[in-house]
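What follows is a short report on a single structure.
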Amino acid sequence: MVLNSIGLDKKMTVELANDLNQLLANFQIYYQNLRGVHWNIKGKRFFDLHVKFEELYTDANMKVDLIAERILTLGATPLHTFDDYNKAAKVPVGHNVSRDEEAVHLIVNSLTELLKIERIILDKSGEANDEGTNSMMSDFITEQEKTVWMLKAWLNEPI
């Protein structure tokens, strides 16, 4: 096994960086969805959702930076073009979403996809003894599970 400068298996870090790039691409689409619903939300719940979506996109923007910096820490290059993001993303893209429930469903569906990717990375980073990536994924998952629960409660739907 060949180790890199931070003591991780080089082969495993390449795979983790690739997975993190997939997560980065999906987070960028999620972020754009949040910006879109923040800008376009209409109706009686405008004030509450407008503020909530801003809170979520601010958080997503910070996470995008954390993911990109972790990719760099592992010795790889983060994806950084919309073309790359669109090719790698599985998160649904929201087009002109302005209705409250449709917007919240879009965010829940996006978070569900992010959680799937993050759990894969969590498992792989554990196997690689990559505590930095593992800790980041654990934190993301914990926070996003709570967000999904809250949004599902707002929708009056079971988790």
(message) Among the numbered criteria (1) in contact (Cβ under 8 Å) with a residue 60 or more places away in the chain; (2) in contact with a Leu (Cβ under 6 Å, 6 or more places away or on another chain), which one does LEU20 miss?
(response) (2)
(message) Let me confirm something: among ASN129, ASN96, which residue is within 27 Å of ILE41 (Cβ to Cβ), surrounded by fewer than 18 Cβ atoms within 10 Å (Cβ to Cβ) and polar (S, T, N, Q)?
(response) ASN96
(message) I need the full set of residues from the stretch 18-73 which are basic (Lys, Arg) and either in contact with a helix residue (DSSP H, G or I) (Cβ under 8 Å, 6 or more places away or on another chain) or surrounded by fewer than 20 Cβ atoms within 10 Å (Cβ to Cβ) (or both), in order please.
(response) ARG35, LYS42, LYS44, ARG45, LYS63, ARG70
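Which of the residues spanning the stretch 1-16 are touching a Gly at 6+ places or on another chain (Cβ under 7 Å) and either under 22 Å from ASP83 (Cβ atoms) or in a loop (DSSP other than H, G, I, E, B) (or both)? Talk me through it step by step, then tell me what you get.
Here is the first cut: in the stretch 1-16, the residues touching a Gly at 6+ places or on another chain (Cβ under 7 Å) are 4, 13.
ASN4, the sole residue that qualifies.
Based on this model, can you work out whether ARG70 counts as touching a Gly at 6+ places or on another chain (Cβ under 9 Å), charged (D, E, K, R) and closer than 17 Å to ILE141 by Cα?
Values: touching a Gly at 6+ places or on another chain (Cβ under 9 Å): yes; charged (D, E, K, R): yes; closer than 17 Å to ILE141 by Cα: yes.
Against the criterion (touching a Gly at 6+ places or on another chain (Cβ under 9 Å), charged (D, E, K, R) and closer than 17 Å to ILE141 by Cα), ARG70 qualifies.
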(message) Only one of ILE29, ILE107 is in contact with a Leu (Cβ under 9 Å, 6 or more places away or on another chain), of a type in the set (A, V, I, L, M, F, W, C) and assigned to a helix (DSSP H, G or I). Can you tell me which?
(response) ILE107
(request) Give me the pairs, please: first residue somewhere in the stretch 106-131 and farther than 16 Å from TYR31 by Cα and at pLDDT 95 or above, second residue anywhere and part of a loop (DSSP other than H, G, I, E, B) and not charged (D, E, K, R), beta-carbon distance under 8 Å, and either six or more positions apart or on two chains. (result) ALA128/LEU8; ASN129/LEU8; ASP130/LEU8; ASP130/LEU74
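The values are calculated or read from the model by the stated rules, or taken from the named source; none is laboratory data. The structure displayed is predicted, hence computed values, not measured ones. Cβ sites come from the backbone with ideal geometry, for glycine too, and all protein chains shown count toward neighbours.
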